[in-house]
Structures are given as structure tokens and as C-alpha cells.
Amino acid sequence: MSIELSIIIGIGAMFLLIISLLLAFNLSQRKKFQYNQNLLSLKEQQQNELIKAAVRSEETERHRISEELHDEVGALLSATKLYLSNLHDKYGHEDNEIYKKSLELLDESIHKVRSISHNLHSGILKELGLNEAIQSFTQKISQHGRLEVVTELDEKYSSKNHENDISIYRVLQELCGNIIKHGHAKSIKITSRIKDNILTFTIKHNGKGLTQEEFEKLRYEGKGLGLKNIQNRIILLKGKINFERSEHENTITLNVPVNALL
Amino acid sequence: MLTTILNWSEVWAPLIPLYVFIFKRPKDKFLEIVAGYLLTALCINAVIDVSWILNSSMPALLKNNNFLYNINSICRIIFFTFLFRNAIKLFKKKYLNFFLIAYLVFFSFYFVYNKNFNTLNSLLHSTESLSLLIFSIIYFIRLINSDKVFLAFDPYLLIIAGLAIYESVNFFVFLFYQYLLIHNPKFAHYLWNVPNIIFIIFCLLISKAFYGRFNFKT
């Protein structure tokens, strides 16, 4: 073999060697990338399972507390009311004012216990659906002259997954709670709309609002369990939440893909 | 025409990455080492090609321009060893310093005693090619064995890939070039097109490294 041919073969061999090395590098990168993606998706899946378990246990606990409040405390208060009436019948009407005040306080306590119990319980969701549950909840928080809550809910929406409905309901409950407690709003308007398989809730209020950056900051700082709960439930719903603040009106938009609700 | 373009590729090819470097001003300061090499190569290659064209009217020193190729090779190993030492951190700095000093000392003695610096020295060029090729191969093998995934654009990846291709092809060319110049100068002349073509590819890869990621508008 001539030296010229040897040189050409040598050049070719070296070139192929380097190209093979570069291809091996490229292949290893693709494999590593795929592996990392799988790992990430597995982690996300695990995180979602954890969130789901946490949300489920929270819901179970709410249910238990609600039932105990209703059955135990509610029953005790009703019995106390009965005994008080008996006592009043037996010992006359000497101190009518104290009796009336006690009865009034007892009635208020029974009412409060029932209200808390109903808030914690998601029974209405199961029976009547998300829209009815939201309307019932907003009616309860509405206070004539102090807080006006208006709802305009898309009637086309029909519930397909009860657990996800609970999550949406809890998010709206938490958001309204925050708007009243921290935002000191005088009016809240909740609207819902289904378009292109996306269920969108828009909450407009005239209180002190948050920007998206402030929401993210508060969430990362770990201030407030409520915001964390909101975020967890949104992750479960595969949805998105957006906070907007303007001079006269603040808007919170919650988008939930309907497919995720199936 | 094509032969002329290829013959002058040593001069015009470095202008592309240098233009991109000036135009884009990459943030990574170690890329200046590569730009420095390109500028040095451009100057040396320009003198080489001009002295080759105007051979008869050149001063005696530049009538034989082979020593400039040797200087170019020494510059290449200095600049890229600096790149492997400072930017890529292939080995500990002291090892690469030792390698460079040993290389320079060895070839200083070699040329002092052989006094043939005016010929295109195969030993000098092939040692340079082999050393930089080994560094590049070690760099890629380390990347293959590491857990690192290149999600972001890495200019050094392109530069070292270009260097590896350039040196792998040139190793055999340089190793036998001195021999071919004596025994088959015609083939040697044709063979010189190979380093020219690979140098263009190398410069294009460096240009891409300087340019960064393409931003396609959708």
C-alpha cells in the first residue's frame, strides 16, 4: 500500500473516530435528557399524589369535624335550649331578661355551629352540584348593606368529577374568605364561563387586591396556609390562577381545563 | 477559482468569526482567547499568503514562509491550552502549565539543535495536533460520563468539537507532510486543501459559538 493511500485512510479513520465520538456524545445527551424528563415527570406525579392525599385527608377531616359539630355540639346545644326552656317554665318569669338573652345566645350558637358545619361539609356539592354550592355559599357570606356578593355562573357546566368540584369550591371559598378578611371588600362578583374546554372563574372585588407577583411572593414566603392550599388544589386541577390589581377593581381569574375535571 | 478560494481560506475564514465576535460581543470573557487565536492566525496566514504570492519581491526573511506555519502551530497550542486551562478547566492549572512549558522547552531545544525552523516541521505540527486532539477527546469523554445535560447553549462545546475535527484530520496530514514534500510534492500540494477545508468548518463552528443560540421568531 502506498504512503499516499495510507495517509488518506488515516485521515478518514481519524475523521470517522471523531465523528463517532461526537455522535456518542449527542446520543448520551439525548438519553440523559430523556432520563431527566422521566425523572421530572415521576417527581411531579409523586408530588401530585402527595397533594391529592393531603387534600383528601383535609376533606375527610373537614367532614369529620363538620359531622361532630352538627351531631355532637349541635345536639348538646339543642338539648341545653330545651333544658333552659324547662327551667324557665318551672321557676317562673322573675328574671325574664336573662332568660331571653341566654336563649338568644343559644340560638346564635346553634345557628353558628350549623353554619360552620355546613361550610365544612361538601354535601351540597354532591347533591346539587358546583354552581348551587357556590350560590349557597355566596348567599351565606352576603351581608346586606355591608357586603354584596353577586354570582353569574355558566349553566352549561355540569359536574363530572366530584373531587375536582370540591377543589374548585374550596379555592373560591378561600379566595372569598381572603377578600373579605384581608381585602375588606364591599362587593364581590363571581362569574363563570366555559369556552374551549376551559372553565374560567372570574372574581372581581373592590377591596385591597393582590398582584400576581405579590401572590407568588406570599406563597413562596410560606405566609398563610390558605394560599398554599389554593396553589395545591390548582396543581391538582392542572389549572392556572392570575391576580390583577387596578385602581378601582381587582380581578382574580381561575382557569381550569375541563378535561382535567373528567 | 475554487483553488484560489481554498488557498486564501486561511485568511478569509477567520474573518467570519472575528466579525461575529465584534458584532455580537459574547459575554463570556474566555471566548476572547479564541478570538485572540483567530486574530493571530489571521495575521500570520495573511503574511504567509501574501509572501507566497509576492515571493520574488519579498525580503529574504519572508521568501521561505514555512517558519510562519510553525509559529502558527505554536500559537494554536498556546491559545487552546489556555482555553482548556482557564475556561474548560480540563485538568488542574499546574498540569496544563507544566505541559505547555515542557512542550515549549522541548521544541526550543529541538530547533536550536536541529536548526531547521525554516521548514514546515512535521514533528511540531503533529505533536500539536495529537495533544489538542487528546485534550478534546478527554473533554468529550468526560461529558459523556458526567450527568450534565446541555440545555443551555454552550459555546465551548462547538469550539472543542471544531478543534477536534480540525486536529483529527490534520494529524495525518502534518505527520507525513514533510515526507510528502520531498517524495511527492504534487500530492502534498493537493493534500493541503484538506486542512484548508477543515479550517473553514472550524471557523464556521467558532462563528456559531460566538453568535450564540439562534432566536427564531414564530
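Kindly provide the set of residues from the stretch A:98-121 that are open to solvent by 50 Å² or more (accessible area, probe 1.4 Å) and modelled with pLDDT of 80 or more, ordered by number. A:I98, A:K100, A:K101, A:E104, A:L105, A:D107, A:E108, A:H111, A:K112, A:R114, A:I116, listed by residue number.
Of all residues being over 14 Å from A:I19 (Cα atoms) and out of contact with any Pro (no Cβ under 6 Å at 6 or more places or on another chain) in the stretch B:158-172, which is surrounded by the fewest Cβ atoms within 10 Å (Cβ to Cβ)? Just the residue, please. So that I can check it myself, show each step before the final result.
Within the stretch B:158-172, the subset over 14 Å from A:I19 (Cα atoms) is B:159, B:170-172.
From what is left, the residues that are out of contact with any Pro (no Cβ under 6 Å at 6 or more places or on another chain) are B:159, B:171-172.
Working: B:I159: 26, B:F171: 21, B:F172: 23.
Taking the candidates together, the pick is B:F171.
Are any residues in the stretch A:236-245 at pLDDT 85 or above and either outside any strand (DSSP E or B) or among the acidic types (D, E) (or both), and if so, which ones? If you could, list the steps in order and put the result at the bottom.
Filtering the stretch A:236-245 down to residues at pLDDT 85 or above leaves A:237-245.
Within the stretch A:236-245, A:L237, A:K238, A:G239, A:E244 qualify.
Selection of the stretch B:121-138 for residues being of a type in the set (S, T, Y) and over 16 Å from B:A161 (Cβ atoms) yields B:S122, B:S126, B:T127, B:S131. Going through (1) in contact (Cβ under 8 Å) with a residue 12 or more places away in the chain; (2) open to solvent by 30 Å² or more (accessible area, probe 1.4 Å); (3) within 20 Å of A:H184 (Cα to Cα) one by one, A:I230 falls short only on (2). Scan the stretch A:51-59 and tell me whether some residue there is more than 13 Å from every other protein chain (Cβ to nearest Cβ), free of Cβ contacts under 8 Å to residues at least 24 places away in the same chain and either under 30 Å from B:K186 (Cα atoms) or open to solvent by 40 Å² or more (accessible area, probe 1.4 Å) (or both). Yes, the conditions are met somewhere in the stretch A:51-59. Please determine whether any residue of the stretch B:82-94 is more than 25 Å from B:I141 (Cα to Cα) and charged (D, E, K, R). No: the stretch B:82-94 contains no residue that is more than 25 Å from B:I141 (Cα to Cα) and charged (D, E, K, R). Check whether at least one residue in the stretch A:122-141 is within 20 Å of A:I235 (Cα to Cα) and surrounded by 15 or more Cβ atoms within 10 Å (Cβ to Cβ), and report yes or no. Looking for residues that are within 20 Å of A:I235 (Cα to Cα) and surrounded by 15 or more Cβ atoms within 10 Å (Cβ to Cβ), one finds at least one in the stretch A:122-141, hence yes. Out of A:S6, A:S66, one residue alone is away from chain B (no Cβ under 14 Å), open to solvent by less than 80 Å² (accessible area, probe 1.4 Å), assigned to a helix (DSSP H, G or I) and out of contact with any Lys or Arg (no Cβ under 8 Å at 6 or more places or on another chain). It is A:S66. Here A:Q45 meets each of (1) at pLDDT 90 or above; (2) more than 14 Å from every other protein chain (Cβ to nearest Cβ) with one exception, condition (1).
Has the stretch B:108-119 got at least one residue that is under 28 Å from B:Y156 (Cα atoms) and hydrophobic (A, V, I, L, M, F, W, C)? Scanning the stretch B:108-119, I find no residue that is under 28 Å from B:Y156 (Cα atoms) and hydrophobic (A, V, I, L, M, F, W, C), so the answer is no.
Within the stretch A:146-181, track down each residue that is loosely packed, with under 15 Cβ neighbours inside 10 Å and hydroxyl-bearing (S, T, Y). Once the filter is applied, which keeps residues that are loosely packed, with under 15 Cβ neighbours inside 10 Å and hydroxyl-bearing (S, T, Y), the stretch A:146-181 yields only A:S158.
Taken across the stretch B:115-138, residues that are more than 9 Å from chain A (Cβ to nearest Cβ), hydroxyl-bearing (S, T, Y), open to solvent by 20 Å² or more (accessible area, probe 1.4 Å) and over 21 Å from B:L68 (Cβ atoms) do not occur at all. The residue of the stretch A:69-97 that is least open to solvent (accessible area, probe 1.4 Å), among those that are among the acidic types (D, E) and over 28 Å from the mean Cα position of the chain (by Cα), is A:D95.
The single condition among (1) part of a helix (DSSP H, G or I); (2) touching an Asp or Glu at 6+ places or on another chain (Cβ under 9 Å) that A:N164 does not satisfy is (2).
For B:L151, indicate whether it is without any contact (Cβ under 8 Å) to a residue 60 or more places away in the chain, surrounded by 16 or more Cβ atoms within 10 Å (Cβ to Cβ) and of a type in the set (A, V, I, L, M). Walk me through it before giving the result.
On the way: without any contact (Cβ under 8 Å) to a residue 60 or more places away in the chain: yes; surrounded by 16 or more Cβ atoms within 10 Å (Cβ to Cβ): no; of a type in the set (A, V, I, L, M): yes.
In short, no.
For the stretch A:116-126, the criterion of being over 27 Å from A:E68 (Cβ atoms) and either touching a residue at least 24 places away in the same chain (Cβ under 8 Å) or hydrophobic (A, V, I, L, M, F, W, C) (or both) is met by none of the residues. In this entry, B:I200 is excluded by the filter for residues that are closer than 14 Å to B:S129 by Cβ and either free of Cβ contacts under 8 Å to residues at least 12 places away in the same chain or of a type outside the set (F, W, Y) (or both). Residues in the stretch A:9-40 that are within 48 Å of the chain's Cα centre (by Cα), open to solvent by 60 Å² or more (accessible area, probe 1.4 Å) and facing chain B (nearest Cβ under 8 Å): A:F33, A:N36.
The values are calculated or read from the model by the stated rules, or taken from the named source; none is laboratory data. All figures in this text were calculated on a predicted structure; none of them were measured in a lab. Don't worry about glycine lacking a Cβ; one is built from the backbone with ideal geometry, like all the others, and counts go over all protein chains shown. Accessible surface is based on the protein model in full, side chains and every heavy atom, while ligands, DNA and RNA are left aside. Shrake-Rupley method; radii C 1.70, N 1.55, O 1.52, S 1.80 Å.
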